[in-house]
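Student: Pasting a structure below so you can have a look.
What follows draws every value from the coordinates through simple rules; no lab data is involved. Just so we're clear, the structure is a prediction, and the values are computed from it rather than from any experiment. Ideal geometry is used to build each Cβ from the backbone, glycine not excepted, and the neighbour counts take in all protein chains shown.
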Amino acid sequence: MSKEDIIFLHAPSVYDFRKEFLFYGPVSDMVPSTPVFEMYPFGFTTMAAYLAKNGHKVRIINLASMMLNHRKLDVEKLIAKLDSKVFGIDLHWLPHAHGALEIAKLVKKHHPDAKVLMGGFSATYYHEELLTYPQVDMVLKGDSTEIPLQQLMEALNNGTPLEKVENLSWKENGQHHHNPITFVPEDLDYQDVDYGWIVRSVIKHCDLEGHKPFKDWDRYHITMVFSIKGCHLQCTVCGGSCPAMHKFLNRKKPAFRSPEKLAQDVHNIQRYIKAPTFIVGDPRRGGKQYMERFFKEVKRLKVTNPLVFEFFTPPDEEFYKLASTHTKGFSVEISPDSHDPMVREALGRKYSNQELEESIRNALKYGAERFDVFFMIGLPQQTRESAVKSAEYAKELYLVANKDPRLCVFISPLAPFLDPGSMAFEDPERYGYVSLARTLEEHRVRLPSPSWKYVLSYETKWMTRDDIAEVSYEAADAINKARFDCGLITREELDYRLQRSKEAADMMKRVDKAVAIEDPEERRKEFQELQRRSEELMESTITHKREMEWASKGLIRSIPRALISMIRGV
């Protein structure tokens, strides 16, 4: 294989999950990826495009997705064949603590002279501890690392001092060095969202699988753009909240992508791929004029890809009017997290159920293609009874929507870890949490646990881990019954979902019994007995992922569009 300047590797949550007994449960039911968490961070694409634009040879390889789709893939052999000066491995989400470090170990084994670089929110938080692992050479800190990474590549090529590379921590001759986080852009207009680079890279390396953002992306391809980095909210359990960003990533205020650039990003994606575009971050934080400018530009550019918005508070009627008159289709996601205003306020979200319900009515009135509502389990002030009532509240919402199938309500445990840097992580007792893991290593060793319940890094004063696990299935049943009562699923579908939930709950209990077996050989045999069925229950344990998918054409139908754009040099 040709030598690259840098290869970005995305590891599975646990390496090697194919050889371990792992009953995942519902820990990833609310995201497109599987419990292996094979979706790589969006920063891979912006960093890769930025480096390529500056003359570097770059490649992305999604090892986690490849391992899922090719169960016999020899990962170590693949890594041994690679040739690069630097290997960048993301530790953005803490559930990758095991896989990322194991992949780093394999890279160091076969490429001892290459630099192993890690980055992401979790890598930033644990940058000092990361350097104590022999397989890690460097950490790039912060929420924006395109320019610091370019500085690092130039320094490595030219032999210039690493002290001049912003945001970098590294080790040299047994000494650890830490440059401060000084690259904190005040806006995001310097970034390139270049899906064309991905298309060209796929063709160059004849490798769609390695570039796919997640396992089923070729069937259900959704794209994304960032409207904002940073936050003004103080949500208790969020590692991206205002206090966390301020203290650990040196971000004093949110940074926005200008509305015109954001609209252009969406339009550029449309030139290559016909698919929904998820706008990460609530763009309303930029103010009324920001939204008006964005929608005006979307209409001028004749964007036809459906847009998906995420909100932290319910939008008003004016937003939906703008969306309906300036787009060819839009959907909405919001996470009230609890039906109980007391729990919601303890979490950091202050709005009423009436505001939520009115927003749902307006969204459907103005033609939203979907309106997704997400509730969570394991929150401050939340009891078992409260969690189930949040699920039961789904029926009220379906009635508010006149049983419109465009409304979809989901519930899932807050899992598997408390976000490092969040207020709940930093001061668990104050917010009613019992923290069961503090260091990176303590999180890493939890991940290969045989059941998702044992992976959980927290309990609350109101619910133990057993409570959280058990009520997750109970709440799922309540939502499915609400769907049936409102005529949104058939009796046959309800029975299937209730049975699947029952089997998953039973599997959790069987794993508990297996864990209690003292004889290692007997315990191994019991896990072998459970292996096949646990794999069948791996995805969509309490939520059917297909229900979360926005309408999307097959990837094959976007190939002519992508080729034409490449020929035109877009």
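Student: Of the peptides 429-440, 90-101, how do they stack up when ordered by the mean number of other Cβ atoms within 10 Å, highest first?
Tutor: Most protected by this proxy first, the peptides run 90-101, 429-440.
Student: Place +1 on the Cβ of every Lys and Arg and -1 on the Cβ of every Asp and Glu in segment 466-506, take the dipole about the Cα centre, and give the residue among Phe484, Tyr496, Ile468 whose Cα lies farthest towards its positive end.
Tutor: Comparing the listed Cα positions along the dipole, Phe484 ranks first.
Student: Separate question: In what order do Glu392, Glu521 fall by count of nearby beta-carbon atoms within 10 Å, going from fewest to most?
Tutor: Glu521, Glu392
Student: Moving on to the next point. Measuring from label point to label point, each 7 Å out along Cα→Cβ, what is the Asp506 to Glu385 span in nm?
Tutor: 3.1 nm
Student: Which order do the peptides 484-496, 346-358, 8-20 come out in when sorted by mean C-beta neighbours inside 10 angstrom, highest first? Spell out each step's value before the answer.
Tutor: Details: 484-496: 14.3, 346-358: 16.5, 8-20: 22.5.
Those peptides, ordered most packed to least, come out 8-20, 346-358, 484-496.
Student: Ranking Leu68, Leu233 by Cβ neighbours within 10 Å, fewest first, what do you get?
Tutor: Ascending Cβ contact count within 10 Å gives the list Leu233, Leu68.
Student: While we're here: Sequence gap at least 6, Cα distance under 8 Å: using those rules, report the relative contact order of the chain to the nearest whole percent.
Tutor: Details: 1079 pairs, mean separation 91.7, N = 570.
Relative contact order comes out at 16 percent.
Student: Moving on. Sort Asp467, Asp340, Asp74, Asp113 so that the residue with the fewest other Cβ atoms within 10 Å of its own Cβ comes first and the one with the most comes last.
Tutor: Exposure proxy ranking, most exposed first: Asp113, Asp74, Asp467, Asp340.
Student: Compute the length gained on full extension between Glu163 and Asp316: take 0.36 nm times their separation in residues and subtract their Cα-Cα distance, giving the result in nm to one decimal. All intermediate terms of the calculation are to be shown ahead of the outcome.
Tutor: Values: separation 153, 0.36 × 153 = 55.08 nm, distance 4.87 nm.
So the chain would gain 50.2 nm between Glu163 and Asp316.
Student: What number, rounded to the nearest 500 deg cm²/dmol, is the helix-based mean residue ellipticity at 222 nm of the chain, given -39500 (n - 2.57) per DSSP H run of at least four residues and division by all its residues?
Tutor: -13000 deg cm²/dmol
Student: Could I ask something else about it? Between Thr132 and Leu73, how many nm apart are label points set 7 Å from Cα along the C-beta direction?
Tutor: 3.2 nm
Student: Full extension from Ala516 to Lys253: what is 0.36 nm times the residue separation minus their Cα-Cα distance, to one decimal in nm?
Tutor: Going from the current span to full extension adds 89.7 nm.
Student: Whole number please: convex hull volume per residue of the Cα set in segment 470-527, in Å³?
Tutor: About 61 Å³ per residue, rounded to a whole number.
Student: Can you give the FRET efficiency to the nearest 0.05 for Tyr351 and Lys296, using r as the Cβ-Cβ distance and R₀ = 25 Å?
Tutor: For Tyr351 and Lys296, the calculated efficiency is 0.35.
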